[in-house]
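Below: the structure, in structure tokens.
The values are calculated or read from the model by the stated rules, or taken from the named source; none is laboratory data. This is a predicted model, so every value here is computed, not measured. All Cβ positions, even for glycine, are placed from backbone atoms using ideal geometry, and neighbour counts span all protein chains on display.
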Amino acid sequence: MSQKIYIVGDGIVGRMTAITMHDMGFNVTIFNDKQIHKKSDRYFSINLLSKSFFEEYNIWSSILAKGVNSYRKIVTWDNLQSEEVIFESKNINQHNLAYVISESNIMSAIDYEIEKRNSIKFENITTLNKNLDKSDYVINTTNKKNLKIESKKSHQINYAQKAVVMNIDIDNSGKIAYQKFLDGQILGLIPISTKTYNLIWSIDERKIDDLISGTKKEMLNILNTELEEKTGTISDCSTYNLFPLSGYLVEDCFNDKIIHIGSSLHSIHPLAGLGLNMGLQDLFCLTSKIRKNSNQIDKLLLYEFQYFSNSLNKRTYYGINFLKKFYCDYTLPNLREAMLKTFNFNASLKNSVIRFATGLKTKDKINKEVRRPL
């Protein structure tokens, strides 16, 4: 008899989990809020591992049909030094570094595949607690509270920042992503069309009120002052959404029969755009372990998953937190410039960082694993 899997959360990671578990022969139920997903203007930078994962389940072709933009280069800089750090896809023999896709596009493509798998069931999340004993395992993909499956957060960080998210219009966006670091601010731009960038602007809480209280014209003046040298003139900007930023990393990937992935396991600063990719990487690692265990979940498999996943997530989490402090702390600028020059001249180190951020290192490591003896 197939194992019964409950999945908590019906976002991108939750629904992808339902598809992967279904295709490995599990009896799958998704517990959600039974709300119709609204079209979202959020954009995600999908890395190469996530793209290949979507391809594996026939989701990528549907995503492409509705429109995808890509970029081949990331340029990072700040005002204190002349040294730029540039990452390019050609350094790792790839055509692109990442693909920029709207949330609604991804969700539509995933839902299309779920509809083909009519044995996937949906239940209201309010019934989860009383039905836990009926499942073999529960995979939690959310940060929901007041559930018996909630993970205990550790390694928590208050970034003391909020993210301002908006779209900006320019003459020609090209296939370049940008990131600029200021004292207490990070401006990250990904191209969503030939003339539009999606901007995620992380700002210290003590500065946020001054920014959002100004007029649109004042906002455009600030944006052009900081970005025009790279992007060209910014002619317009959309209304913005505001999000608080915090970080956490849960070390226990499972507790009894509760398995944690995605938002249940981590939250990270958006400066590298890896949040969703980390959740899909969790799922990729978990499904790869299950396949190597004859499509069955057991405690030994979960310990292997936890060891492997913790190593990846800690490296990403602490690496991103280090970069935020490194760039946003404006002390010792001469030392920072010397370190950046050293990094730029070390092609092997830079390429290793690119391969890790794109997920190619993880994919290679998983694919080299030997099947566990029965």
Condition check for S173: modelled with pLDDT under 90, of a type in the set (S, T, N, Q) and within 21 Å of Y43 (Cβ to Cβ):
yes
Being out of contact with any helix residue (DSSP H, G or I) (no Cβ under 6 Å at 6 or more places or on another chain), at positive phi and not hydrophobic (A, V, I, L, M, F, W, C), is that true of even one residue in the stretch 202-218?
no
In the set S135, S151, which member is among the small types (G, A, S), in contact (Cβ under 8 Å) with a residue 60 or more places away in the chain, surrounded by 13 or more Cβ atoms within 10 Å (Cβ to Cβ) and out of contact with any helix residue (DSSP H, G or I) (no Cβ under 7 Å at 6 or more places or on another chain)?
S135
Positions within the stretch 105-157 being touching a His at 6+ places or on another chain (Cβ under 6 Å), under 21 Å from I297 (Cβ atoms) and either at pLDDT below 90 or not charged (D, E, K, R) (or both), in sequence order
I120, N140, S151
Determine whether the stretch 23-32 contains at least one residue that is assigned to a helix (DSSP H, G or I) and in contact (Cβ under 8 Å) with a residue 24 or more places away in the chain.
yes
Can you go through S309, S264 and tell me which one is in contact with an Asp or Glu (Cβ under 9 Å, 6 or more places away or on another chain), within 25 Å of D10 (Cα to Cα) and in contact (Cβ under 8 Å) with a residue 60 or more places away in the chain?
S264
Filter the stretch 197-223 down to residues that are crowded, with 19+ Cβ neighbours inside 10 Å and not aliphatic (A, V, I, L, M), then give me how many there are.
4
Expected single match for part of a helix (DSSP H, G or I), of a type in the set (D, E, K, R), at pLDDT 90 or above and in contact with a Phe, Trp or Tyr (Cβ under 8 Å, 6 or more places away or on another chain) among K350, K314 is K350
Name the residue, out of A65, A18, A98, that is of a type in the set (G, A, S) and touching a helix residue (DSSP H, G or I) at 6+ places or on another chain (Cβ under 7 Å).
A18
With criteria (1) more than 24 Å from the chain's Cα centre (by Cα); (2) assigned to a helix (DSSP H, G or I); (3) of a type in the set (S, T, Y), S294 comes up short on (2)
Considering the stretch 238-279 alone, what residues qualify as being closer than 20 Å to K162 by Cβ, assigned to a loop (DSSP other than H, G, I, E, B) and modelled with pLDDT under 90?
G273
Residue that is surrounded by the most Cβ atoms within 10 Å (Cβ to Cβ) [pool: residues in the stretch 224-242 that are aliphatic (A, V, I, L, M) and closer than 22 Å to W77 by Cα]
I234
